[in-house]
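Peer 1: The structure is given below, and queries will be raised subsequently.
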Amino acid sequence: MGKFDHPNIQKFANEISIREYSSKFRKEWDKFISESKNGTFLFYRNYMEYHSDRFEDHSLMFFYKNTLVGVMPANIEKDKIYSHAGLTYGGVVSGNKMRTPVMMGLFKALTSYLEDMGITKLVYKPVPHIYHIIPAEEDLYALFRFGARLIRRDVSSTIDLTEKIRFSSGRRRSIKNAKSHGLVIKQTDDFDTYMSIVEENLRKKYGVKPTHTADEIKLLASRFPEHIKLFAVYYKGEMVAGVIMYESNKKVAHAQYIASNEIGKELYALDYLFDYLINEYYSRINPRKYFDFGISTENEGKYLNFDLITYKEQFGARATVYDRYELKIGDEI
């Protein structure tokens with residue numbers, strides 16, 4: 001890698017100062033997230049800290065010439081630091097003043113900082129491009145230049161709501177069928193009933209529990225009512241299907257949990273609900289650029305659930321990847 005870059009990288013690194021996050025920076029942190037070019041509500045401290053008992057926080061704040069230009073949600077575990085193990089994505093969240101040379105200097109300062117701490121590896125999960133308010137892939141170039149290795153890639157299914165692909169004929173038939181049954185869609189706060197459906201589905205299919213308990217989802221929804229919403233389908237007064245939507249930022253609506261009981265499956269309740277969310281709610285009522293179904297991969301991204309991704313793609317969704325990198329600390333560029 002070109003040695004001619006080294007003086008410039010070091011020049012920018014010398015202007016970077018790093019502070020470990022503490023509660024006294026909460027307002028500054030949250031304000032920065034709200035104005036960032038690739039932040040989502042998952043990075044607000046009230047969201048990150050709901051599971052603080054599970055992770056040792058070591059989030060970082062980066063200042064360039066005494067101006068805050070980036071933050072990195074992170075937790076530490078022995079000699080590794082993760083950005084962030086409790087979040088779907090993380091990495092450096094940056095402001096409009098972040099430029100590629102500044103990010104290169106930031107990574108130089110960061111690797112030196114981590115080396116001094118005795119950290120041997122940084123596990124880094126960049127924010128996928130669909131969440132970027134404006135382009136923000138300076139970190140991807142820095143990862144490449146500093147020798148990071150791609151260790152995991154999950155594939156999600158995303159609809160561009162401004163360039164929609166027509167639903168498959170099968171999905172159109174099932175939606176027409178669903179409309180004949182008198183199904184009712186409601187936005188509700190009955191997370192207990194819905195999470196019981198989610199839990200039963202996951203237990204039967206995979207023998208696992210959901211990432212969040214009903215109490216955790218209720219807590220998060222109470223903290224972020226404008227971002228976390230439950231849409232449910234009812235048949236004769238009974239909840240039969242639903243989805244918890246994370247309105248991540250002004251560009252993306254992300255389906256966090258999708259579930260249906262046996263009655264809902266027979267009535268194609270989820271198809272009916274997705275038709276409403278895609279073509280009505282997030283297209284006209286509460287517009288977003290992207291509708292993201294979430295990942296269809298397992299086993300660290302190495303197994304693709306063909307049935308699941310086929311279902312999502314029949315609504316016109318196409319691939320967005322969620323990546324994970326590993327950077328060995330101490331290696332020189």
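Peer 1: Would you be so kind as to identify which of Gly170, Tyr234, His212 lies farthest towards the positive end of the dipole of the range 163-288, taking Lys and Arg as +1 and Asp and Glu as -1 on Cβ and the Cα centre as origin?
Peer 2: Towards the positive end, the residue furthest out is Gly170.
Peer 1: Determine the calculated [θ] at 222 nm for the chain from helices alone, applying -39500 (n - 2.57) to every DSSP H run no shorter than 4 residues and normalising by the residue count; nearest 500 deg cm²/dmol.
Peer 2: Numbers: 11 runs with 107 residues, N = 333.
Result for the chain, helices only: -9500 deg cm²/dmol.
Peer 1: Which of rounded, prolate, oblate describes the range 194-333, given a ≥ b ≥ c as roots of the alpha-carbon gyration tensor eigenvalues and a/c under 1.5 marking rounded, otherwise prolate only if a/b is larger than b/c?
Peer 2: Working: a/c = 1.57, a/b = 1.43, b/c = 1.10.
Prolate, because a/c is 1.5 or more and a/b exceeds b/c.
Peer 1: So I have (i) 27, 46, 24, 3; (ii) 29, 54, 16, 1; (iii) 33, 54, 12, 0, and one of them is P(r) over Cα pairs in 20 Å bins from 0, in percent calculated from this model. Which one is it?
Peer 2: (ii)
Peer 1: Still on this structure, I have one more. Mind ranking 202-213, 268-279 by how tightly packed they are, going by the mean number of other C-beta atoms within 10 angstrom, highest first?
Peer 2: Numbers: 202-213: 11.9, 268-279: 22.2.
Ranking the peptides 202-213, 268-279 by packing returns 268-279, 202-213.
Peer 1: Here's something else I'd like to know. If we sort 50-60, 287-297 on the protection proxy, mean other Cβ atoms within 10 Å, highest first, what's the order?
Peer 2: Working: 50-60: 15.3, 287-297: 21.1.
Going by the mean number of other Cβ atoms within 10 Å, highest first, we get 287-297, 50-60.
Peer 1: Rounded if a/c is under 1.5, else prolate if a/b beats b/c, else oblate: with a ≥ b ≥ c from the C-alpha gyration tensor eigenvalues square-rooted, which is the range 4-64? Kindly include the intermediate steps, with their values, before the conclusion.
Peer 2: On the way: a/c = 2.53, a/b = 1.99, b/c = 1.27.
Because a/c hits 1.5 or more and a/b exceeds b/c, the range 4-64 counts as prolate.
Computed from the coordinates by the stated procedures, all read-outs in this text should not be read as laboratory data. Predicted model, so just to flag it, every value in this text is computed and none were measured. As a convention, Cβ positions derive from the backbone with ideal geometry for all residues, glycine included, and neighbour counts pool all protein chains shown.
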